[in-house]
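Trainee: This is the structure I want to talk about, given as structure tokens.
Bear in mind that the values in this text are calculations on the coordinates, not laboratory data. Worth saying up front: this structure is predicted, and the values here are computed from it rather than measured. Every residue, glycine among them, receives a Cβ derived from its backbone with ideal geometry; neighbour counts consider all protein chains shown.
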Amino acid sequence: MSRLAPTRRRLITAGAAAVGGLFLPGCDRLSRAPSFRTFLDSAEGLSYRAQRLLQLGQPLAREFEPRFLSPTFRTNGTALPASPNYQVMADQDFRGWTLRVDGQVMRPLNLSLDQLKAIKARSQITRHDCVEGWSAIGKWTGTPLSAVLEAAGLKPDARYIVFHCADAMSDQPDGTDFYYESIDLIDAFHPQTMLAYALNDKPLEIGHGAPVRLRVERQLGYKHAKYVMRIEAVDSFAKIGMGKGGYWEDQGYEWYAGI
Amino acid sequence: MSSVPDTTIPAPFKPAVAPGKAGVAIYRHRLATRIGHWINVLCLTVLLMSGAQIFNAHPRLYWGQYGANADPAVLAMAAVEGPNGAAVGVTQVGPWTFRTTGVFGLSKERGQITERGFPAWLTLPSYQDLATGRHWHFFFAWLLVVNGLVYLIHTVLSGHLKRDLLPRKDELRPRHLGQDIWDHLRLRQPVGEAATRYNTLQKISYLAVIFVLLPLMLLTGLTLSPGMDAVLPVLLDVFGGRQSARTLHFITANLIVLFVVVHLAEVLISGPWNEVRSMITGWYVARTGKAGGETPS
């Protein structure tokens, strides 16, 4: 044993040095390897299934008393969509805006802002959690998404609801890089999921996604698509954008952002 | 088979005689404990570093239900313009502000001076990439939870908890605790039979990590999930809000780092080769004392 000890010592020293010296660059290399990323991504499916199991009773996100409202509700992402179309609509107080509802639906719809508001209304004081880490509490008023989807009537093939937005994410607005998002039907029919048109009792400002943004209260901020122009029911989002179900998802973020 | 009188040493720790002057070789850590330990090392390292990456996406901490840039921060790291126009890294903790250029707020990333909370050598990945940091964090959080559950079940069922971790009544007497603290302060190492088991301070700190800090880490982490807040809104009441939970998640992570620092210091003091080998092979060489008493004279 005493003769073995130096060998073991050397082994342990070498091991410690290898772990220390290779760990950081190794992790960076692993971070970029597609196969390792797929491996890490397996945790997302686990989180999604675990949370959906725990959420079987469709529990609500906490609704706060007005005293918890954030004094300042900061904006994030696009501040002003660059497309000329959008700017014309904004100049006319969105009177020309219509929401298209199509895809796997029985009755495709074109709704003006007034028509959308007439369907049904709901207000909720909820917390907005950005993936970066900050939170802001605001009062949202809007039309429950479930009411819109019921008006259009989903076909049996529909599995996801995709939100197409007015903000292009690069300098070349060629119609392929608009912000988009998608959610499953569990969140689509959740009572707090809504197409919000007012924040803190005032019409949505452009920085917050005027005229209409999605609220999907049990997920992080990037799922709450702003400047919604079209709602599409699909059986798969593999052929939309880069196929990951959303603009940020295409950049490597999780599709399920409940965590 | 033994020259050491076999007295109170439980069966799995039956001593075997080691040749030479090294002392008595003892089978101290079982395979399950060893595997669990090294998985923990990997998980906690990755979680700490990917957590620093996530923190860097918004290097400000708040107290309460909400908190964003316009709200007062309890801790913040940032780069600001210094008196001579050059950027300075600053860290604000409560009412105090410190210059932390090179470490917090402003440090080098791939040779470039960059505004970032924690420095590149502390984050995973080293470059700014929140999406990738999150993937690492959640994968290893799941692994830590699974490993922790297996450990808890094993530690209770095998009797490890009762036999080795829970302090005996006499160990909690002030006199014994005082002696234990005094031994630690003098860096006195137990010998003989006493070296075969955990000392009282060691037991208390292990229990604190297993039953307080790690569960707190998990629960404050879950409070950051809007999906879990809907399932367990009580989390928001217990921790005083999502932003408080984020701050507590940060503080608890620092306490675990503190534990690791002390733990590693103890390993160094008590003989790193022996300690590391015992956590790899299971075998530990206990120094033979005069009478095998608990407190060396």
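Trainee: Given A:Phe68, A:Thr143, A:Asn200, which one lies farthest toward the positive end of the charge dipole of chain A, if we put +1 on the Cβ of every Lys and Arg and -1 on the Cβ of every Asp and Glu?
Mentor: About the Cα centre, the residue reaching furthest to the positive side is A:Phe68.
Trainee: Hey, what's the per residue convex hull volume over the C-alpha atoms of segment B:69-117, in cubic angstrom? Don't skip to the end; give the middle numbers.
Mentor: Values: hull volume 3.9 nm³, N = 49.
Roughly 80 Å³ of hull volume per residue.
Trainee: Provide, as a two-decimal number, the C-alpha radius of gyration of chain B over 2.2 N^0.38 Å, N being how many residues it has.
Mentor: Numbers: Rg = 23.0 Å, N = 297, 2.2 N^0.38 = 19.1 Å.
The value comes to 1.20.
Trainee: Starting from the eigenvalues of the Cα gyration tensor, five times each then square-rooted, give me the equivalent ellipsoid semi-axes of segment B:82-217, largest first, whole Å.
Mentor: Values: eigenvalues 359, 111, 33 Å².
Over the Cα atoms of segment B:82-217, the semi-axes work out to 42, 24, 13 Å.
Trainee: Dividing the alpha-carbon radius of gyration of chain A by 2.2 N^0.38 Å (N being the number of residues), what value is obtained? Kindly include the intermediate steps, with their values, before the conclusion.
Mentor: Values: Rg = 22.8 Å, N = 259, 2.2 N^0.38 = 18.2 Å.
So the Cα radius of gyration is 1.25 times the expected 2.2 N^0.38 Å.
Trainee: Mind putting a number on the dipole of chain A about its Cα centre? Charges go on the C-beta only, +1 for Lys and Arg and -1 for Asp and Glu, and I need it in Debye to the nearest 20. Don't jump to the answer; show the numbers that get you there.
Mentor: Values: 31 positive and 28 negative charges, 235 e Å.
For this selection, approximately 1140 debye.
Trainee: Calculate how many DSSP beta bridges within the protein assembly as shown are antiparallel, expressed in % of all such bridges and rounded to the nearest 5.
Mentor: Among the beta bridges of the protein assembly as shown, antiparallel pairing accounts for roughly 95 percent.
Trainee: Something else now. Are any of the pairs A:Lys117/A:Lys244; A:Lys155/A:Lys239; A:Lys117/A:Lys139 more than 21 Å apart by Cα-Cα distance, and if so, which?
Mentor: With Cα atoms farther than 21 Å apart: A:Lys117/A:Lys244.
Trainee: Note down the magnitude of the dipole of segment B:37-163 about its Cα centre, charges +1 on Lys and Arg C-beta and -1 on Asp and Glu C-beta and zero elsewhere, to the nearest 20 debye. Before the final figure, lay out each step's value.
Mentor: Values: 8 positive and 5 negative charges, 86 e Å.
Value, rounded to 20: 420 debye.
Trainee: Mind pulling the per residue volume of the convex hull built on the Cα atoms of segment B:17-104? Å³ is fine. Working shown, then result.
Mentor: Details: hull volume 19.3 nm³, N = 88.
Cα convex hull per residue, to the nearest whole number: 219 Å³.
Trainee: Order these by the 10 Å Cβ neighbour count, fewest first: B:Glu275, A:Glu217. Let's see the in-between values first.
Mentor: On the way: B:Glu275 18, A:Glu217 26.
If I rank by nearby Cβ atoms, fewest first, I get B:Glu275, A:Glu217.
Trainee: At a Cα cut-off below 18 Å, give the aspartates and glutamates reachable from B:Lys108, other chains included and same-chain residues fewer than 8 away excluded.
Mentor: Within the straight-line cut-off, B:Lys108 pairs with A:Asp28, B:Glu81, B:Asp129.
Trainee: Starting from the Cα of B:Lys203, draw a straight line to each of the aspartates and glutamates and keep only those under 13 Å, dropping any in the same chain fewer than 8 residues away.
Mentor: B:Asp164, B:Glu171, B:Asp180
Trainee: Could you please rank A:Ser42, B:Ser126, B:Ser205, placing first whichever residue has the fewest other Cβ atoms within 10 Å of its Cβ?
Mentor: Details: A:Ser42 11, B:Ser126 19, B:Ser205 16.
Ordered from fewest to most neighbouring Cβ atoms within 10 Å, A:Ser42, B:Ser126, B:Ser205 come out as A:Ser42, B:Ser205, B:Ser126.
Trainee: What would the Debye equation give as log₁₀ I(q)/I(0) for the protein assembly as shown at q = 0.13 Å⁻¹, counting only Cα atoms as equal point scatterers?
Mentor: -1.33
Trainee: Output the Kirkwood hydrodynamic radius of segment A:15-96, Cα pairs only, in Å rounded to one decimal. Intermediate values should be presented prior to the final figure.
Mentor: On the way: mean 1/r = 0.0520 Å⁻¹.
Taking the inverse mean of 1/r over all distinct Cα pairs, segment A:15-96 comes out at 19.2 Å.
Trainee: Filter the DSSP H helices in chain B by two things, a Kyte-Doolittle mean of at least 1.0 and an axial alpha-carbon span of 27 angstrom or more, and list the hits by number.
Mentor: Numbers: long enough: B:31-56 (38 Å, 1.14); B:130-157 (40 Å, 1.19); B:242-269 (40 Å, 1.30).
Qualifying helices: B:31-56, B:130-157, B:242-269.
Trainee: Please arrange A:Tyr180, A:Tyr48 by how many other C-beta atoms lie within 10 Å of their C-beta, fewest to most.
Mentor: Working: A:Tyr180 25, A:Tyr48 18.
Final ranking by Cβ density, sparse to dense: A:Tyr48, A:Tyr180.
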